[in-house]
Amino acid sequence: MIKKLQRKFIVIATLSVFAVMLVIVGGINLANLYSTNRQIDLLLALLADNEGRFPPYDFDDDDDKLYPNEAALRLAGLSEESRFMTRYFVARVDFQGKIFQLDTSHIAALSSSGAQKLAQKALANERSSGYIDVYKYLVTGKPYGKLIVFLDCRERLAAVGRVLGASLAIGISGLAVVFLLISVFSSRVVKPVAESIEKQRRFITDASHELKTPLAIVAANVEVLTYTYGDSEWTKSIKNQIKRLGELIDDLLVLSRLDEQNQSMPGKVFSLSLLAEEIAEPYRAVALAKGLNFELYISPKIGCRGDEAGIRRLVSALLDNAFKYAGGERRVSVKLAKRGRWAVLEVFNTVDEPGSFNDEELGRIFYRFYRSDLSRARETGGYGLGLSIAKSIAESNRGTIAAKRRDGGLAFVVTLPFASVQP
């Protein structure tokens, strides 16, 4: 159980760090992409406003301005060298949609025919702005028709890609380091919990063993009193209470052993179909005596890999629980079938008040010493440990158990690892 808790802590802590890193890395790259795209848009607007040329400098020694709208151009990353560093071309289109002028003097990566093809694609798109390969274009209306400005964005997009790659590499490396650190120090984190659980387990084991001795003495004394003075209602009551305490001590020892067991998969393969039939068959007489409708739907040749003795106790505990609390239509059923790689066992019984079991109640039904109806539990002699034992056995065999409301009753569904068995 401690190993399972430690693994959960590692997973949760790692996922939390991953979520934080994802937000940070994603935020940085989204901000960088937005900034780059904003610069490209401002640069395209500047060229479109000036007929595909950079505006003349408005350089004044007094105010040291480059352009009239210096703030916007600073955002675009422009300087006095921008006209020599920017790669772009422009196309002028008349009102009939024909390209009558191309200016490719500011770009060397495209020929005139290549530039004309890009311009025709931009016209066909019927959008005022967008990307074609590594070129972003802007279409603006002019007195003669349209002006299309294409900007070569490969360097800017490559820079965005480099930032993305570097941030991902740093993020993944950081996550790996955090995972290693969490794995190394997680044992220290769960150590107090492990010590507390170990002390609790030892207390239960030691107390159970210590109780057996005085209980055995009391039982022997009652037998002497019965032999000497004869049986009476008082000696019968003492014997009943001794029996109940003995069962309680045995259940506590079983839970303690299950908590102590490793979560490793037991290697024995057995027929779960035969086991379920063997355990359920004697309950037909009990059902007849109590006036219950008892039905079996057990598919043949369903095997299981696990602890046969433990699973036998699990099935018996679920059947005991079903027969104790069967009410309403007084129906009990057992179903066993294969679903994928799991063997699924379902034990169902109707109850007097199906609506009394809400989701919160079902979530607590496997708690130790939990009983939903104290008076009814006392009548049936229960301590609220049977379902806890069943849950521990299922989990120790790499399975699950759940309680569900269905058809006016409760169904306990157990999934166990399936294994093929010989006919």
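The values are calculated or read from the model by the stated rules, or taken from the named source; none is laboratory data. Predicted model, so just to flag it, every value in this text is computed and none were measured. Heads up, the Cβs are rebuilt from the backbone with ideal geometry, glycines too, and the neighbour counts pull from every protein chain shown. Ligands, DNA and RNA are stripped out before the accessible areas are found, and what is left, the full protein with its side chains, is counted by its heavy atoms. Shrake-Rupley method; radii C 1.70, N 1.55, O 1.52, S 1.80 Å.
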> Would a scan of region 182-203 turn up a residue that is surrounded by 16 or more Cβ atoms within 10 Å (Cβ to Cβ), more than 30 Å from PHE54 (Cα to Cα) and without any contact (Cβ under 8 Å) to a residue 60 or more places away in the chain?
Replying inline: yes
> What is the residue count in region 272-289 for residues that are touching a residue at least 40 places away in the same chain (Cβ under 8 Å) and either farther than 24 Å from ALA326 by Cα or not small (Gly, Ala, Ser) (or both)?
Replying inline: 4
>> Would you confirm, using the coordinates I've provided, whether ILE24 is modelled with pLDDT of 65 or more, out of contact with any strand residue (DSSP E or B) (no Cβ under 8 Å at 6 or more places or on another chain) and either loosely packed, with under 12 Cβ neighbours inside 10 Å or more than 16 Å from VAL160 (Cβ to Cβ) (or both)?
In response: yes
>> Let me confirm something: among ALA19, ALA71, which residue is surrounded by fewer than 17 Cβ atoms within 10 Å (Cβ to Cβ), hydrophobic (A, V, I, L, M, F, W, C) and either modelled with pLDDT under 70 or closer than 30 Å to SER396 by Cα (or both)?
In response: ALA71
> In region 346-359, is there at least one residue being of a type outside the set (Val, Ile, Thr), outside any loop (DSSP other than H, G, I, E, B), modelled with pLDDT of 90 or more and in contact with an Asp or Glu (Cβ under 9 Å, 6 or more places away or on another chain)?
Replying inline: yes
> Restricting the search to region 83-110, which residues are in a loop (DSSP other than H, G, I, E, B), touching an Asp or Glu at 6+ places or on another chain (Cβ under 9 Å) and either in contact (Cβ under 8 Å) with a residue 60 or more places away in the chain or open to solvent by 70 Å² or more (accessible area, probe 1.4 Å) (or both)?
Replying inline: THR86, ARG87
> For region 273-293, how many residues meet the condition of being assigned to a loop (DSSP other than H, G, I, E, B) and open to solvent by less than 70 Å² (accessible area, probe 1.4 Å)?
Replying inline: 2
> Of all residues in region 111-136, how many are outside any loop (DSSP other than H, G, I, E, B) and open to solvent by 40 Å² or more (accessible area, probe 1.4 Å)?
Replying inline: 10
> Could you say whether any residue in region 151-166 is in contact with a strand residue (DSSP E or B) (Cβ under 8 Å, 6 or more places away or on another chain) and assigned to a strand (DSSP E or B)?
Replying inline: yes
> If only one of VAL193, VAL177, VAL189 is at pLDDT 90 or above and either touching a Lys or Arg at 6+ places or on another chain (Cβ under 8 Å) or of a type in the set (A, V, I, L, M, F, W, C) (or both), which one is it?
Replying inline: VAL177
>> Among the residues of region 129-147, what is the count of those that are under 19 Å from ARG53 (Cα atoms) and without any contact (Cβ under 8 Å) to a residue 40 or more places away in the chain?
In response: 4
> If you take the residues of region 218-264 that are modelled with pLDDT of 80 or more and of a type in the set (D, E, K, R), which of them is surrounded by the fewest Cβ atoms within 10 Å (Cβ to Cβ)?
Replying inline: GLU233
> Any residue in region 52-66 that is at pLDDT 85 or above and either surrounded by 12 or more Cβ atoms within 10 Å (Cβ to Cβ) or within 52 Å of the chain's Cα centre (by Cα) (or both)?
Replying inline: yes
> Within region 376-420, which residues are at negative phi, in contact with a Gly (Cβ under 8 Å, 6 or more places away or on another chain) and modelled with pLDDT of 80 or more?
Replying inline: ILE393, SER396, ASN397, GLY399, GLY409, VAL414, THR415, LEU416, PRO417, PHE418, ALA419, SER420
> How many residues does region 108-152 contain that are of a type in the set (Val, Ile, Thr) and within 11 Å of ALA91 (Cβ to Cβ)?
Replying inline: 3
>> When you check ARG331 against the structure, is it charged (D, E, K, R), touching a Ser or Thr at 6+ places or on another chain (Cβ under 7 Å), surrounded by 14 or more Cβ atoms within 10 Å (Cβ to Cβ) and modelled with pLDDT of 85 or more, yes or no?
In response: yes
